[in-house]
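Nothing in this text is a laboratory measurement; each read-out follows from the coordinates by a stated rule. Note that this is a predicted model, so its numbers are computed, not measured. Every residue, glycine as well, gets a Cβ built from its backbone with ideal geometry; the counts of neighbours run over all protein chains shown.
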Amino acid sequence: MTGNLSLIREAELCENCSRALTEHRRFARRSILKLAAATAGLAIAPQAFAANDKAPPKPENVVSPDAALHRLTLGNARYVEGVSKRHDFRHEREALSSGQNPFAAILSCADSRIAPEYCFDTARGDLFVCRVAGNFASDEIVASLEYAVQMLNTPLIMVLGHESCGAVDATIKSVKTGTTLPGHLPSLVAAIKPAVDAVAGQGGDILANAIRRNVALNVEKLKTTAPILKSFADDKKIKVVGGVYELKSGRVELVG
């Protein structure tokens, strides 16, 4: 009888050991799976973050200020020679539907004969263009250019004047005769008058001189307007330049 009890107890112990071993194996397996999942998560996470990093719509527009100016110069040379590129506007639409990263911002006159996108032979999404008669930097223009620099990472700003500018010519005549122009035109005169006053008494063509001086004054204003543009210019993150468009040739002459 005692022998039978011993056998029964051994059988019970073996059964308990078997259950314990089975539970241990299950626990170990669960632990291994959890560890594997966690490890996989760590491996996948950087890739997921990288995938979520928004690439610029036009990677070719991520350039230095000097490279941006060189690109404008080459584009203008093609335009002057009549050999502009054929731009595939259709296939650019999808990339540009989610954002923009223009490589240059242009403050241009509103004159219908001046089209920055054409005269620099650029495509959609390449230029951030602000236009106003007399190409001067009003508060609204400054704010727009701040947006281009701060939010769109645009590395170059060009103030683009042009020959025979009607807004500058009207300002010269208003100053000379002391007459007040109708409507809201006096606001244009007030903005352009500093350039006209600066070239008064100089030799040569007063209109041509005033046009160039107006460009130069607005270049200097944009370089020194705090806090955003001045900071970026001082840190060499952007370049601000001036140019004058020649109506007959289409050439843009840089203004120092």
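A few notes on this one:
- Farthest positive-ward along the stretch 146-232 dipole, Cα basis, beta-carbon charges - from Ala200, Val149, Val168: Ala200
- Taking all C-alpha pairs of the stretch 59-255, those more than 26 Å from each other amount to 34 percent.
- For the residue pairs Lys193/Lys237; Lys173/Lys193; Lys193/Lys221; Lys54/Lys236; Lys58/Lys230, the alpha carbons lie more than 22 Å apart in Lys193/Lys237; Lys54/Lys236; Lys58/Lys230.
- Under-5 Å amide H pairs with Val129, H placed in peptide plane, nonlocal only: Ile106
- Rounded to the nearest 20 debye, dipole of the stretch 59-255 from Cβ charges on Lys, Arg, Asp, Glu: 180
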